[in-house]
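Inspection log for the structure reproduced underneath, given as structure tokens.
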Amino acid sequence: MREYLETRQKYPLHQLAQHAGEWVAWSPDGLRIVASSTNLASLDNLIRAAGEDPEQCPIEGIPDTDSVIGCLNCPGESPTFP
């Protein structure tokens, strides 16, 4: 997982933007997208078809619009985490 966290953040944003509105499954090392789909339920089968183990591939939803997650600098509000 450590390798994934280090390499995932280096993935080119212009390539990731091609998957806007989709769920993506990453290779365990975070270097490539193994499979993608707008339907999360079908992703496991696509991962297997790509020759990977779904249990080893982190899954991430890619927003289809610009997004701000959280409110780190909102006046008068403190961020809460689950």
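The values are calculated or read from the model by the stated rules, or taken from the named source; none is laboratory data. Quick caveat, the model's predicted, so the values are computed rather than measured. All Cβ positions, even for glycine, are placed from backbone atoms using ideal geometry, and neighbour counts span all protein chains on display.
Here are a few things to note about the model shown:
- Within segment 40-66, considering residues that are in a loop (DSSP other than H, G, I, E, B) and over 14 Å from the mean Cα position of the chain (by Cα), the one modelled with the lowest pLDDT: Asp66
- Segment 1-47, residues that are of a type in the set (Phe, Trp, Tyr), under 18 Å from Asp64 (Cβ atoms) and touching a helix residue (DSSP H, G or I) at 6+ places or on another chain (Cβ under 7 Å): Trp23
- Where a residue in segment 39-65 is surrounded by 10 or more Cβ atoms within 10 Å (Cβ to Cβ) and its partner, wherever it lies, is of a type in the set (D, E, K, R), with Cβ under 7 Å and at least six apart: Pro54/Asp44; Pro54/Arg48; Ile62/Glu22
- Qualifying positions in segment 5-38 - hydroxyl-bearing (Ser, Thr, Tyr) and either surrounded by fewer than 17 Cβ atoms within 10 Å (Cβ to Cβ) or under 16 Å from Pro63 (Cα atoms) (or both): Thr7, Tyr11, Ser36, Ser37, Thr38
- All conditions in (1) modelled with pLDDT of 90 or more; (2) in a helix (DSSP H, G or I) hold for Val24, with the sole exception of (2).
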